[in-house]
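Just so it is clear, none of the values below were taken in a lab; they were calculated from the coordinates. Remember, it's a predicted structure, so these values are computed and weren't measured experimentally. Positions of Cβ are generated from backbone atoms using ideal geometry, with glycine treated the same way; all protein chains shown enter the neighbour counts.
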Amino acid sequence: MGTGDDMTGDIVSDGNNSGTDRAARRDEAVRAAVEQGLLGPGSPIVGLLDVTGIRESAAELRAAFDAVTAPGTPVLHAFAVKATPLVPVLRLLREEGIGAEVASPGELALARVAGLPPALTVLDSPAKTPAELREALALGIAVNADNPQELDRIDALMRSAASRSPLGIRVNPQVGGGSIEALSTATATSKFGVALRDEGAREWVVRAYADRPWLTRLHAHTGSQGIPLVLMAQGIRETYALAEEINRRIGRPQIDTIDIGGGLPVNFASDVTTPTYAEYARVLRETVPGLFDGRYGLVTEFGRSLLAKHGTVVARVEYAKSAGGRPVAVTHAGVQVATRTVYVPEAWPLRITAYDGKGRPKTGPEVVQDVAGPACFAGDLLAEGRALPLLEQGDYAAALDTGAYYFAHHYAYNSLARPGVYGFAPDGTGGVTFATVREPQTVAEIVAESGGAHADALTTLRAPERP
């Protein structure tokens, strides 16, 4: 939502102690994964998801907003599917009362297979095709129009067939960016939404609602990692003020729901969860009290903050070597699972934990070393110059806080296979039980995705011979 310090937002934790429990569950899961054969020489990399932790985060999100909203206020928490696009994850969150925010036909398909009903689904995307809009409106899925041209398309669809879809417009309050420019969506030149401070834009938005009684929502999202809470709240305050202005000027409470997006930053520097949903909800209530008085329904679109701290990538150390006097652990986790960290390490540093060959936390003196991935370029490093107990051949390196935007977003450099992903939970007898979330990719699947069925396709294309 960039350094590790930037990512924690601007508010300290209010005593959340779940980090200790989470770390203990993680250690037990790594040990059990080795003992049960999920990790080993033949399966040198896995993604692990802490089911208990995910359930806890979902409950904390619901409780945080229940505490600040008026009784009876409709609130939909829609998980940003882009963060972890895995069907079992979406099904688990659905069970915990969380809907889905989708931004492509693929994400919508995942949500539908996971059992998310249209009433719990929101479609946001800056490039929706006519076919995508037609499908969403036919299903009754909520849609936020990104721009005037898209609203014209929705106009045409609404004329041809009535829809029960809740419809709104996404606006850009242009309140500024955070420490990671690529994830700041409320800058002056952001590609998202209608830029409210551009000449004539605000008046266009008011007219759009006045002319379309079926527009009942207003949507904004300030950004994600690297955005401080005060800036997030400022963006919501601007959006709320616009909703109030629209309803006042057209003389009716037409906008009945405000979609405040997501973007709660994640602390990648330790196991502590900070900021918390409760802290953010309190900041919003202090900054925009009218948002919670019951006149508006709410939609949220959190992603990274729900899943990041509940995922771990664990990779076997294939070789331990030295270069220039510095130890280098060559592992099976690199750019293919941690693309952002490898290419932009200053913005996306990850904590690394060392485990021995039996999956137990490794002890001993800390040694400054590199933790490298398997890809064939020099910059494929999970961590550079990191002080850890010395990683040796057959040990395991774990990249923490990787439950969102990491192992579910495979980057097929060197045709490296997607790792298997497994959820874990206590088995009730002091052990750990696992469930397959995604099977590891096979070499045959890599070949099929790389055009294996069309091997002769290009050799058959020849320019006609000249007479």
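Taking R0 as 60 Å, what FRET efficiency do you get between ASP427 and ARG159 from their Cβ-Cβ distance, rounded to the nearest 0.05?
0.60
Under 5 Å between amide hydrogens, which residues at least 5 positions from VAL437 or on another chain qualify, with H placed 1.01 Å from N in the peptide plane?
Under 5 Å from the amide H of VAL437: VAL421, TYR422, GLY423.
Mind ordering 268-279, 45-56 by average Cβ neighbours within 10 Å, highest first?
Taking the mean over residues of other Cβ atoms within 10 Å, the ranking is 45-56, 268-279.
Could you give the length gained on full extension between SER270 and ALA210, defined as 0.36 nm per residue of separation minus the Cα-Cα distance, in nm?
16.7 nm is the gain from fully extending SER270 to ALA210.
What lysines sit close enough to LYS309 to cross-link, taking a C-alpha to C-alpha distance under 27 Å and skipping anything fewer than 8 places away on the same chain?
Excluding near neighbours in sequence, the set is LYS82, LYS358, LYS362.
At 7 Å along Cα-to-Cβ for each site, give me the label-to-label distance between GLU384 and LYS358 in nm.
Once both label points are built, they end up 3.6 nm from each other.
Tell me what the chain gives for mean residue ellipticity at 222 nm when only DSSP H runs of n ≥ 4 count, each as -39,500 (n - 2.57), the sum divided by the residue total, rounded to 500 deg cm²/dmol. Mind dumping the intermediate values first?
Values: 12 runs with 135 residues, N = 467.
So the helix-based figure for the chain works out to -9000 deg cm²/dmol.
Tell me the net charge near GLU384. Cut-off is 13 Å between Cβ atoms, GLU384 excluded, with +1 for each Lys or Arg and -1 for each Asp or Glu.
Details: positive: ARG326, ARG386; negative: GLU346, ASP370, ASP380.
Residues close to GLU384 contribute a combined charge of -1.
Which order, highest average first, do 118-126, 451-459 follow once you tally other Cβ atoms within 10 Å for each residue and take the mean per peptide?
Highest mean packing first, the order is 118-126, 451-459.
Return the long-range amide H neighbours of GLY261 (sequence gap of 5 or more, or a different chain), with a cut-off of under 5 Å between placed amide H atoms.
ALA220, GLU301
Can you pull the one-decimal nm distance between simple spin-label points at ALA23 and THR52, each 7 Å off the Cα toward Cβ?
1.6 nm
Where does each of 338-351, 150-163 land if you order them by average Cβ count within 10 Å, highest first?
Packing proxy ranking, top to bottom: 338-351, 150-163.
Over the alpha-carbon set of the chain, work out the extent along each principal axis and list the three values in angstrom, largest first.
So the three principal-axis extents are 82, 71, 44 Å.
ASP256 to SER322: FRET efficiency via 1/(1 + (r/R0)^6), r the Cβ-Cβ distance, R0 60 Å, to the nearest 0.05?
With a Förster radius of 60 Å, E is 0.40.
Full-extension gain between GLU449 and ALA70, please, as 0.36 nm times their residue separation minus the C-alpha to C-alpha distance. Numbers along the way, then the final one.
Numbers: separation 379, 0.36 × 379 = 136.44 nm, distance 5.08 nm.
Using 0.36 nm per residue and subtracting the Cα-Cα distance, I get 131.4 nm.
Could you tell me what percent of the DSSP beta bridges with both partners in the stretch 305-382 are antiparallel, to the nearest 5?
Roughly 75 percent of the DSSP beta bridges within the stretch 305-382 come out antiparallel.
How big is the equivalent ellipsoid of the stretch 50-306 along its three axes, where each semi-axis is √(5λ) from the Cα gyration tensor, reported in whole Å from largest to smallest?
26, 22, 17
Would you order SER43, SER305 from fewest to most other beta-carbon atoms within 10 Å of each residue's own beta-carbon?
Ranked by crowding around the Cβ, least crowded first: SER43, SER305.
If I take every Cα pair under 8 Å that is 6 or more residues apart in the stretch 50-306, average their sequence separation and divide by the length, what percent do I get for the relative contact order?
Answer for the stretch 50-306 is 22 percent.
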